[in-house]
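Just below is one structure, and these are the notes that go with it.
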Amino acid sequence: MRVLVVDDQADSREFITTVLEQCQADVKAVASVSEAWQLIIQWKPDALVSDLSMHQEDGYSLIRKLRSQPPELVVCQPKNAK
């Protein structure tokens, strides 16, 4: 399973990445919504784990971007975001 982790705090990114890798996930981690968006388009993750309260652009913004895209462009579709 491919999992994209988005968090502006390096220690949180590293911890979540370590835990997911121990569960055999293929993980990529980035520090911003703009970096995440590039990876979503290129790498097509199966799941997204995002901090919702990042400073520059928050996780809610990323989820709104995901939801606004056609399904063929974005593989993962968030289900529990407001």
Which residue fluctuates the most in the chain, going by a Gaussian network model with Cα springs under 10 Å, if the choices are 14, 72, 35? 72
Scalar couplings 3J(HN,Hα) for region 60-65 by Karplus 6.51 cos²θ - 1.76 cosθ + 1.60 (θ = phi - 60°), nearest whole Hz, x for Gly and Pro, are 4, 4, 4, 5, 4, 4
Given a Förster radius of 35 Å and the C-beta distance between residue 68 and residue 18 as r, what FRET efficiency does 1/(1 + (r/R0)^6) yield to the nearest 0.05? 0.65
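Rounded, prolate or oblate: which fits the chain when a ≥ b ≥ c are the square roots of the eigenvalues of the alpha-carbon gyration tensor, with rounded for a/c under 1.5 and prolate only if a/b beats b/c?
oblate
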What does the accessible area per residue of the chain come to in Å², with a 1.4 Å probe and no ligands, DNA or RNA counted? 62
Mind telling me which of 30, 49, 19 comes out most flexible in a GNM of the chain, alpha-carbon contacts under 10 Å? 19
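The values are calculated or read from the model by the stated rules, or taken from the named source; none is laboratory data. What you see is a predicted model, and the numbers here were worked out from it, not measured in a lab. Glycine gets a Cβ as well: all are built from the backbone with ideal geometry, and neighbour counts include every protein chain shown. Calculation scope for accessible area: heavy atoms of the full protein, side chains included, ligands and nucleic acids excluded. Shrake-Rupley method; radii C 1.70, N 1.55, O 1.52, S 1.80 Å.
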